[in-house]
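First comes the structure, then the notes that go with it.
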Amino acid sequence: MDRALNCNCTDKIIQFMLLTVRKKRGPAKKLRSAKILKGKIMKSEQNKGYIMVFIAGMLWGTIGLFSTLLSKLGMDSSAVAFFRLLAASILLVPILIVKGKGFSLFRISKKGLISCALIGFISQAFYNLCYMKAIEMGGMATAAVLLYTSPVFVAIMSRVLFKEPLGRNKLAAIAINIIGCVLTVTGGDFSAVKLTGFALLMGVLAGFTYGTMPIFSRFGADNEDPYTSAFYGLALGALLLFFIVRPYNGMGTEWNWQIVLVLIGFGIVPSALGYIVYFGGLSKVKETSVVPVLASIETVAASVIGLVVFGQSLSLGKVAGIALVVCSILIMNLKKKEKSSYA
């Protein structure tokens, strides 16, 4: 609904500005003027989308902080994955009621619900399970390195499904981004990377399922209100994990107020807020393959948090990785020469 209202407002602005241009120019320039005005407005909206996806990536960079805190409090990784999605879903309920002045934001189209179900089941639940298994079988470094193959999967799927072009800038940005993410995680020290067959499979599947989120969003979720998409994506992911993780059997976690507070923060910052901003930005971005590169700022944010909060070292290799991630984002967003029709 909000997106439809924005489109109507944009059309009215274009019509008004075009009417003004007509008084100053002849009818021969009418079509060209409309293209210029519409192109500028669309470019402005797309830039907002880039910024929102970038901010979402920074919010996701806090996932490691909350996960580490919960682990230290005695919660295992599978429980962390489930309770993160559950906490975010519960916290979003009053937000949707207040923002929608009732239950209007809980309404979702069939197409949007299918899109959110794919996101919840595959991009949330199965991604978390594959990633946790990759960590268990190959270690954190191995899992993280394989996870950052996701931009390749997104680029391929975007090309096949949406016919998005793969120019030199984009290919270079994706390659530099992957190298940068790997260096940011490992610091150039690959001694902790243990590649076994099953760990490799789970790590690649984690990268693939992680990369499906922007793809599945194009099937309908990006046309819904960002709050609605975030709620259903998280809630359906929590629902599937409930049956897989089976928290009702007991998970060895002794609940206390510290765990509750951390879960509330986990549910709000990287989960509810992160996905609201992400879906809002995705609805404004035209090229899906750009999204994982922009969101990779998550690795930079995570490294900075690790340095400041946990006193982790920041080696030269990690600094180089951070620089490459930032460089890849800049390359991906290099302005192309304007086409003659917009000159």
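Every number here is computed from the coordinates shown, using simple stated rules; none is lab data. On a predicted model such as this, the values are computed, not experimentally measured, just so you know. As a convention, Cβ positions derive from the backbone with ideal geometry for all residues, glycine included, and neighbour counts pool all protein chains shown.
For the stretch 49-333, the Kirkwood estimate of the hydrodynamic radius, built from every pair of different alpha carbons, is 19.0 Å. Set the Förster radius R0 to 41 Å, insert the Cβ-Cβ distance between Ser109 and Val260 as r into 1/(1 + (r/R0)^6), and round the FRET efficiency to 0.05. The pair Ser109/Val260 has a calculated efficiency of 0.70.
On a 27 Å Cα-Cα criterion, which of the cross-link pairs Lys48/Lys163; Lys133/Lys318; Lys133/Lys286 come out too long?
Over 27 Å Cα-Cα: Lys133/Lys286.
Neighbour counts of C-beta atoms inside 10 Å place Thr62, Thr288, Thr184 in the sequence Thr62, Thr288, Thr184, starting with the fewest. Stretched out straight at 0.36 nm per residue, the stretch from Glu45 to Val326 would grow longer than its current Cα-Cα span by 99.0 nm. The ranking of Val277, Val98, Val154 by Cβ neighbour count inside 10 Å, starting from the fewest, reads Val98, Val277, Val154.
Assuming 0.36 nm per residue, please report the length gained on full extension of the stretch Thr196 to Ala172 beyond their Cα-Cα distance. It would help to have the intermediate numbers written out before the result.
Details: separation 24, 0.36 × 24 = 8.64 nm, distance 2.91 nm.
Full extension from Thr196 to Ala172 adds 5.7 nm.
Can you work out the FRET efficiency for the pair Phe162 and Lys99, with r the C-beta to C-beta distance and R0 = 30 Å, to the nearest 0.05?
Details: r = 30 Å, r/R0 = 1.02.
In this case the efficiency is close to 0.50.
In loop segments of the stretch 278-339 as defined by DSSP, there are no chymotrypsin sites (Phe, Trp or Tyr not before Pro) with at most 11 further C-beta atoms inside 10 Å of their C-beta.
Just the C-alpha atoms of the stretch 151-265: what Rg/Rh do they give, with Rh taken as the Kirkwood radius? Walk me through the numbers before you get to the answer.
Working: Rg = 18.9 Å, Rh = 18.1 Å.
Ratio value, two decimals: 1.04.
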